[in-house]
């Protein structure tokens, strides 16, 4: 939160959006509604400095999809990146990109003879059909897609309506800079792992994904503004509030969020713990939703008695 944290209005859809944009270039996008992303005058950065006796890490929350004019990033974040020989990311999303897209499509579409109406309720199908009609799209076009992939498509459309660009994520920004500077790139997860997490949910849970995406579509403009504001001001509480809203309002989503967010937080924290046993300076870019909250990576690192301090802006 996504495959493409997540990054996006919620961790669930952010997680989806990490991989979805590439195969969907022909989607019709309604008129863009621009968002005010002006820099606040005084704020903390959405970056935490983590120290051990032998290593230092700069932990930055990523929004995986942003308006192009969100950049440049604050200078202190770029300086931390420049002095870090190693970039650590959720997944190296540009590594073996064609293979990843093929993998994704094999999990996104039903096999011959199978179709969406056989796997979701008539009520959800009717709500989806109405949403597509309002947005100038045919339900037939989506009839072979699985619910998790349709949810990703809806999230992508809503973000594009707000002027967000799949090529303008914070993680993509630093991956490109790391390649140019020939830095070491260390992924904590593989794209295949992320795809499996999402596509292995049963029909009932996949339908919940889709229902959540349809409900969130109404809140897209406000959610986009909130996420941008939270990142710009370094407000982890505000970020977590928007990310966890679906879970608070719909408790039946808790098991899904556990698998998509909290279980992965625990796993990524353990991998960071292992990596930081080695001397060095690391720049870590993970979906913003993984970093914040009581079960987020910042909290988990503090529980391990790491010295963790949010970096103040200037």
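The numbers here are math on the coordinates, done by the rules we state, and not lab data. Here the structure is a predicted model, which means the values were calculated and not measured. Every residue, glycine as well, gets a Cβ built from its backbone with ideal geometry; the counts of neighbours run over all protein chains shown.
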Practice task
Kindly provide the helix-only [θ] at 222 nm of the chain, computed as the sum of -39,500 (n - 2.57) over DSSP H runs of four or more divided by all residues, to the nearest 500 deg cm²/dmol?
Solution key: -13500 deg cm²/dmol
Completion exercise
Checking rank on 303-310, 227-234, 184-191, with mean other Cβ inside 10 Å and highest first, the result is 227-234, 184-191, 303-310
Fill in the blank from the handout: Length gained if residue 141 through residue 181 is fully extended, taking 0.36 nm per residue and subtracting the Cα-Cα distance, is 10.2 nm
Problem - Rounded, prolate or oblate (a/c below 1.5 giving rounded, otherwise prolate when a/b exceeds b/c) for the range 73-206 by Cα gyration tensor - result: prolate
Exercise for the section: Once you have a ≥ b ≥ c as the square roots of the Cα gyration tensor eigenvalues for the range 222-298, tell me rounded if a/c is under 1.5, and otherwise prolate or oblate according to whether a/b is larger than b/c. Expected result: oblate
Handout entry: Pair residue 273, residue 305: separation of 7 Å Cα→Cβ label points (nm)
Key = 1.2
Problem - For the chain, alpha-carbon Rg relative to the globular expectation (2.2 N^0.38 Å, N residues) - result: 0.96
Handout entry: the chain - share of DSSP beta bridges that are antiparallel (%, nearest 5)
Key = 45
